[in-house]
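A.B. asks: A single structure is presented below for examination.
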Amino acid sequence: MSITRRTRHWFVAVAALTSAACTARGRPSLDDDLDRLLAAYLGDHPGACVLVRHQGTALREHCVGMAELETHRATTPLTNFRLASVTKQFTATAILTLIADGRLDSATTLRQALPGFPPWADGITIHQLLTHTSGLPDYEDLLPADTERQVTDAEVVQLLRAQDSTAFAAGSAYHYSNSGYAVLAEIVAAVSGETFGQYLDRAVFIPLGMTTSVAHVEGVSSVARRAYGYSRATDTAWIRTDQSTTSAVLGDGGIYTSVRDLDRWFAAVEGRRPLLPDDLADRMFVAATTTDREGVGYGYGWFLDRVGSQRRFFHTGTTIGFRNAVQRLPDDDLTLVFLSNRNEIETGLVDSLVAAVRGHLGRVRAREGA
């Protein structure tokens with residue numbers, strides 16, 4: 001594909017001029033670095049979008065490849081990708097807004113929030129659901145082997161209610177739990193009196209101006225400018241693999257959004273356009289538990305670790321046909337989002353993208369200090 005058909009976007013005129021100046025001096029611009037790292041996504045292949053925010057400004061919106069192969073529709077900053085588990089930070093935020101309103105507490109038990117669970121649910125709190133320490137079994141393991149239709153968050157709750165016990169005593173261990181976040185979505189619905197998607201619209205998306213973001217169920221809601229998911233069939237061919245039996249479970253991974261809307265979301269995450277009181281927002285980024293990865297903790301919807309002396313907040317999202325990741329380095333006030341509509345991602349790609357952005361910022365600082 002020629003460069004005229006490559007979708008490229010950048011948000012700040014000063015940053016664009018800086019890149020042009022770098023190229024003129026024989027040094028690669030940030031866009032050149034991003035294209036080099038995203039070479040496998042260029043052309044008639046499932047695509048990717050990258051958002052770079054620095055010090056409260058969208059430094060780059062950089063999109064390559066196709067949102068829909070069959071129609072040769074290219075990705076743009078308005079293309080909506082399925083977030084998969086990056087959704088969990090939105091589910092956690094929805095719960096925290098209810099806590100802020102006094103309608104829930106982090107110590108509220110599962111059986112208080114959703115009556116109908118067996119007595120073992122008296123020992124599970126909202127806090128433990130948010131931090132993957134509830135002990136709930138994986139709902140995927142509870143589905144009948146011949147399940148072909150899509151299941152919902154409400155059906156996940158019914159599967160869990162039928163269990164005699166948990167996998168471990170609540171609070172005694174960490175186990176990453178999609179079940180916990182499906183339950184949290186149903187708690188949002190039960191406490192608010194709205195569907196999970198309706199509550200997200202009213203309490204999160206609309207206040208932030210995320211006008212095309214949606215908690216999507218196939219055949220029920222629609223996704224504007226939608227990216228469809230693909231899996232590699234051969235070295236040169238792709239097949240559409242957009243939905244699975246669990247794709248209608250929303251709390252653990254069902255949001256579709258774009259890098260343009262995520263720019264608005266991260267203004268809230270960074271505290272520049274807060275949705276939550278500071279004390280509640282801060283809970284998202286405090287390690288409430290260690291995880292099964294050395295040096296990595298989990299807050300509310302976010303993994304937390306350090307890269308050298310730098311704090312890092314991050315999450316990945318993996319589902320059929322999509323691979324996504326977000327990283328925030330608060331000490332540098334730097335956020336990077338990577339969204340893609342394919343079933344694979346090169347190991348270390350997101351770290352390489354972050355390194356390229358930090359290198360670019362370092363060169364800019366060096367010139368400004370010269």
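The values are calculated or read from the model by the stated rules, or taken from the named source; none is laboratory data. Bear in mind the structure is a predicted one, so any value in this text is a computation, not a measurement. Neighbour counts run over all protein chains shown; Cβ positions are idealised from the backbone, glycine included.
A.B. asks: Quick one: which helices (runs of 4 or more DSSP H) sit completely within segment 48-160 and have at least 2 residues that are touching a residue at least 24 places away in the same chain (Cβ under 8 Å) and touching a strand residue (DSSP E or B) at 6+ places or on another chain (Cβ under 7 Å)?
C.D. replies: Hits in segment 48-160: 88-100.
A.B. asks: When only residues in segment 281-312 that are part of a strand (DSSP E or B) and of a type in the set (Ser, Thr, Tyr) count, which is farthest from Ala100 (Cα to Cα)?
C.D. replies: Per the criteria, the residue is Thr290.
A.B. asks: Only one residue in Ala74, Ala121 is touching a Gly at 6+ places or on another chain (Cβ under 8 Å) and either more than 30 Å from Pro274 (Cβ to Cβ) or of a type in the set (Ser, Thr, Tyr) (or both), so which one is that?
C.D. replies: None of the other options fit; the residue is Ala74.
A.B. asks: I'm checking my understanding of the structure. Among residues of segment 6-47 that are assigned to a helix (DSSP H, G or I) and among the polar types (S, T, N, Q), which one is modelled with the lowest pLDDT?
C.D. replies: Thr18
A.B. asks: Another question, then. Tell me yes or no: at least one residue of segment 184-192 is of a type outside the set (A, V, I, L, M, F, W, C) and over 20 Å from Leu275 (Cα atoms).
C.D. replies: Yes - at least one qualifying residue is present in segment 184-192.
A.B. asks: Select from segment 313-344 the residues that are part of a loop (DSSP other than H, G, I, E, B) and under 15 Å from the mean Cα position of the chain (by Cα) and write down the one among them that is surrounded by the most Cβ atoms within 10 Å (Cβ to Cβ).
C.D. replies: Once the filter is applied, the top-ranked residue is Asn341.
A.B. asks: So which of Val249, Val214, Val191, Val204 is within 23 Å of Gln150 (Cα to Cα), in the same structural domain as Leu129 (by TED's automatic domain parsing), out of contact with any strand residue (DSSP E or B) (no Cβ under 6 Å at 6 or more places or on another chain) and among the β-branched types (Val, Ile, Thr)?
C.D. replies: Only one candidate passes the filter, namely Val249.
A.B. asks: Has segment 217-231 got any residue that is closer than 14 Å to His45 by Cα, at pLDDT 95 or above and assigned to a strand (DSSP E or B)?
C.D. replies: Within segment 217-231, one or more residues are closer than 14 Å to His45 by Cα, at pLDDT 95 or above and assigned to a strand (DSSP E or B).
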